[in-house]
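Below you'll find the structure, written out as structure tokens, and then a few comments.
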Amino acid sequence: MQEPTVFIVDDDAAVRDSLTLMIEQAGMHVQSFENAKTFLNAYQPNFFGCVIIDVKMPGMDGLQLQEELAWRKILLPVIFLTGHGDIPMSVRAIKGGAIDFLTKPVIREKLLICVRAAFTEAKKRLSDATQNREITTCLTKLTRREREVMLLAVQGHSNKEIGSYLGISYRTVEIHKSKIMQKTGANNLLDLARIARESELSE
Amino acid sequence: MNSTVKNLNFRTVFDAAADAMLLTENTGHIVLANPTAQQLLGYSADEMKGLAIEMLIAPRYRKQYRYYQRLFLNRPVKRSMSVGNELIALNRDGKEILLDISLSPIKTGQQLFILILFTIANRRLDTEDALRSSEERLRLAKQAAGLGIFDYDFKRNIIYWDRQMRKLWGKHSEKTISYEEFVAAIHPEDREARQAAIDKAMDPNSNGEFKAQYRIINPINGVERWISARGRVYFEAGYPHRLIGVTRDVTEQRNIQKKLQVHRNETENILKQQVAACTASAIAHELNQPLAAISAYSEVVLHALQNDSFSADNLKRALEGCVAQAQRAGRSLHELLAFLQKGELMTERSNLTDVIHGALSIVYNDGYGRFHPILHLQQNLPAVQCNRTQIQKVLVNLFRNAIEAMRNIDFPILTITTTVQTVNDKDVAVVIVQDNGPGFDQVVAKRIFEPFFTTKPSGIGMGLSISRALIEDNGGQLWVDSDAKTGAKFHFTLPFGP
């Protein structure tokens, strides 16, 4: 897996530089940007790690950037930097999915703990996304009839019931089901139900 | 001749008299009325006979009449008209007539008759009517205005006062009051100022005008009222003689004023707090950025020393960063304090075109929004004398406002013009910043430089008021054209360098 990177978005050059040194000293990769626009322009889908965003910036501010990331389905966990944390803004940021808040001046220990937590979250988000993609892929392998059978099966209908709903024989239902298990890699019906639910979520 | 006189009897004389005459018994009933009396009062002879005199007198004087009648009967002596007996009678139609009367007792044996002569004094009645109605008018007006009247006699040291004032002082029955007693009801805290006002009015060199406001405490119910007193001292032979004036109860007014004052103080406090909060927040912001950097750089160095793990280049970078940021913080503080205290402004000869380009690049880089600049910058413009940082701040502020105003414009154009203008025989540089946004109306234009005035949902409304202060500190002026069909157009001037 690719090495995680800390992306810093802050309009103050000195703050960017000092945090860059601090994070590099801890052995992590850093890239910094002077405003939201430059970051969004530079963004690549393979960006992995977390993003530290100053709340108060001219132009697009931190909270607006957070909204923009969500809208573009960019999964990087967000850590906010704030001069003096005010509560309504913090609530908005946390509701928007921010990992944490760091008040300037930032304490090294707290920053590193925070960044590591964000990296863990990033890995989880990445593997969730990968898994979702896999599930979606394997479900696309199913034929139309097999999807119909699966939907009825995970709702708890017996083979006999499914057969009579779809106007096919009990035996044919059994054949479809074994094909479904084979294609999705599900071990049992419960596993299949989970896969079906997750694929619904990711759609 | 004698015999002829003897032949004249009482009745003939009585009936022939040009003056009106009535003969009454001591009970007050009419025995005879001569034709003049009948004519004057409008009754026939028969109607008058046996009529009680009282019935001919205006009802409101009847009580008085009975009192005088008793006096007269106790000591029946002649009373001529010149004594000034007068009486208001009613004629048969109910009209009031003022009469001068004389009374003559006539005693025959045990019987006492009274001969009453009377003439009309109508002209006098009119005058008195007028007098009475003017007094009545004054009384009503006084009542309506809640005015009390006082007359302070300095020599006798007493005050004559009216009912209205007696009521306020809680002394209903006394028609006069000693000065000491009068003052006793006045609130101790207000006595001195009131006395000073009186002393001033008593100065023969003054115009004698007296004006004071003081509280009185009603001795009966302890209620406190505010009194406004106005009057004038009258002098006799150069000495103050009396102080005549009016008083008015102004308690309600004072209460309203007091409430207004409290309200005004609250508003002022809120404003002061807001100014303090804005100032503190500006300082906090200016200092927090370099502090954050210094803190991070320092921790980097400290950690490196403990672990001996960082390159010398990086350590140097961190320490240099510390120094630069500490100096930046100091500079920010000085600038801020200089602005707040209006200390000595450091100005230098500056190239206005460079300052404008500098401000433009700040606005480009902060990603504030898109715009197309059109520059009409005069070539070879002489150097202006200004504080470059401050002018750049003003420009950045004007540019950002303009860009924000053009947010919904398809093709936002920021036009920046520099030129030379002559103001008061002196050449100055003029900078014009114009946008093609929606502009604003006269009302907004009038208030736009006021502190805390803003049209932005999250603005604090300090930008333009600070900008104007900065330009004025630099010896220029900042104003706006609100002929807003073509967007907002801000102008400022700066003096040229020596």
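Modelled spin-label separation between A:Tyr165 and B:Arg230, with each label point placed 7 Å from Cα along the Cα-to-Cβ direction: 9.7 nm.
Multiply the residue separation of B:Ser311 and B:Gln477 by 0.36 nm, subtract the distance between their alpha-carbon atoms, and state the gained length in nm to one decimal.
On the way: separation 166, 0.36 × 166 = 59.76 nm, distance 5.32 nm.
Extra length from B:Ser311 to B:Gln477 when fully extended: 54.4 nm.
Suppose we look only past 39 Å in the calculated P(r) of the protein assembly as shown. What percent of the Cα-Cα pairs does that tail hold?
68 percent
Between the amide H of A:Thr5 and those of A:Phe48, A:Gly49, A:Cys50, distances stay under 5 Å, these residues lying 5 or more places away or on another chain, with hydrogens modeled in the peptide plane.
The residues packed around B:Ile30, meaning those with a beta-carbon under 13 Å from its beta-carbon, carry a net charge of -3 if Lys and Arg are +1 and Asp and Glu are -1. Note on chain B: helix-only mean residue ellipticity at 222 nm, from DSSP H runs of 4+ residues weighted -39500 (n - 2.57) and normalised by residue number, equals -15000 deg cm²/dmol. Given 10 °C and 1.306 mPa s, compute D for the stretch B:209-266 with the Stokes-Einstein relation, Rh being the Kirkwood radius over Cα pairs; round to the nearest whole µm²/s. Translational D for this selection: 117 µm²/s. Taking the average, over residues, of other Cβ atoms within 10 Å as the packing measure, peptides B:465-477, B:256-268 rank B:465-477, B:256-268 from highest down.
Within straight-line reach of B:Lys489, meaning a Cα separation under 15 Å, sit the following aspartates and glutamates at least 8 residues removed in sequence or on another chain: B:Glu404, B:Asp435, B:Asp441, B:Asp481.
Computing FRET efficiency as 1/(1 + (r/R0)^6) for A:Ala13 and B:Ala326, where r is the C-beta to C-beta distance and R0 is 22 Å, gives about 0.90.
Computed on the stretch B:120-214, the Cα convex hull volume stands at 158 Å³ per residue.
Among rounded, prolate and oblate, which fits the stretch A:141-198 when a ≥ b ≥ c are the square roots of the eigenvalues of its C-alpha gyration tensor, a/c under 1.5 means rounded, and a/b larger than b/c means prolate?
Prolate.
Evaluating 6.51 cos²θ - 1.76 cosθ + 1.60 at θ = phi - 60° for every residue in the stretch B:286-293, the Karplus couplings come out as 4, 8, 5, 5, x, 4, 4, 5 Hz, glycine and proline recorded as x.
Local charge for A:Gly97 was computed over the other residues whose Cβ lies under 15 Å away, with Lys and Arg +1 and Asp and Glu -1, and equals +1.
Past 19 Å, Cα to Cα: identify those pairs from B:Lys142/B:Lys167; B:Lys175/B:Lys200; B:Lys272/B:Lys393, in the order given.
On the way: B:Lys142/B:Lys167 14 Å; B:Lys175/B:Lys200 27 Å; B:Lys272/B:Lys393 25 Å.
The pairs that break the limit, which is 19 Å between Cα atoms, are B:Lys175/B:Lys200; B:Lys272/B:Lys393.
Every pair of different Cα atoms in chain A enters the Kirkwood calculation, which places the hydrodynamic radius at 19.8 Å.
For the stretch B:29-82 versus the stretch B:372-400, the inter-centroid distance based on Cα atoms is 107 Å. The residues neighbouring B:Phe371, those whose beta-carbon lies less than 11 Å from its own, together hold a net charge of +1 under the Lys/Arg +1, Asp/Glu -1 convention. Fully extending the segment from B:Arg92 to B:Ile220, taken as 0.36 nm per residue of separation minus the present Cα-Cα distance, adds 40.9 nm.
Between the C-alpha center of the stretch A:133-159 and that of the stretch B:211-256 there is a gap of 100 Å.
Roughly what % antiparallel, to the nearest 5, for the DSSP beta bridges in the protein assembly as shown? Let's see the in-between values first.
Details: 86 of 109 bridges.
In the protein assembly as shown, DSSP labels about 80 percent of beta bridges as antiparallel.
Each label point was placed 7 Å from the Cα along the Cα-to-Cβ direction; for B:Arg163 and B:Leu336 their separation is 7.1 nm. Which residues in the stretch B:36-74 have a backbone N closer than 15 Å to a point placed 7 Å from the Cα of B:Glu136 along the Cα-to-Cβ line? Counting backbone N atoms under 15 Å from the label point, the list is B:59-61. Using R0 = 45 Å, the C-beta based FRET efficiency linking B:Asp19 and B:Lys175 works out to 0.65. Extension gain for B:Ile409 to B:Val262 (0.36 nm times residue separation, less C-alpha to C-alpha distance): 48.2 nm.
Normalised Debye scattering of chain B at q = 0.07, 0.13 Å⁻¹ gives log10 I(q)/I(0) of -0.73, -1.15, counting only Cα atoms as equal scatterers and leaving out solvent. In plain terms, the residue of B:Glu180, B:Glu404 with the fewest other Cβ atoms within 10 Å comes first and the most crowded comes last, giving B:Glu180, B:Glu404.
Over the Cα atoms of the stretch B:132-184, what is the Rg over Rh ratio if Rh follows Kirkwood?
Result: Rg/Rh = 1.03.
Using the Cβ-Cβ distance between B:Phe10 and B:Phe72 with R0 set to 22 Å, the FRET efficiency from 1/(1 + (r/R0)^6) comes to roughly 0.50. Label positions at A:Arg133 and A:Ser90, each projected 7 Å from the Cα along the C-beta direction, are separated by 3.7 nm.
Can you give the translational diffusion coefficient of the stretch B:397-498 in µm²/s, computed by Stokes-Einstein from the Kirkwood radius over Cα pairs at 37 °C and 0.692 mPa s?
Using the Kirkwood radius from Cα pairs, D works out to 229 µm²/s.
Expressed as a fraction of 2.2 N^0.38 Å, the value expected for a compact globular protein of N residues, the C-alpha radius of gyration of the stretch B:84-242 is 1.58. Taking one quarter of the surface of the C-alpha convex hull of the stretch B:1-123 gives a mean projected area of 8.7 nm². So for chain B, taking the charge dipole from beta-carbon charges (+1 Lys/Arg, -1 Asp/Glu), which of B:Val323, B:Val77, B:Ala20 sits furthest toward the positive end? Positive-most Cα among the choices belongs to B:Val77.
Give the shape of the stretch A:36-111 as rounded, prolate or oblate, defined through the alpha-carbon gyration tensor: a ≥ b ≥ c are the square roots of its eigenvalues, a/c under 1.5 means rounded, and otherwise the shape is prolate if a/b is larger than b/c and oblate if not. Display every interim value, and only then the final one.
Values: a/c = 1.62, a/b = 1.40, b/c = 1.16.
Cα axes put the stretch A:36-111 in the prolate bin.
Legend: P(r) of the stretch B:245-378 from all alpha carbon pair distances, 5 Å bins from 0, whole percents, reading 2, 7, 9, 8, 11, 11, 11, 9, 7, 6, 4, 4, 3, 2, 2, 1, 1, 0, 0, 0.
Each reported figure results from applying straightforward, stated rules to the coordinates on display, with no laboratory input. In this text the structure is predicted, and so the values were computed from the model without any measurement. We place every Cβ from the backbone using ideal geometry, glycine too, and count neighbours over all the protein chains shown.
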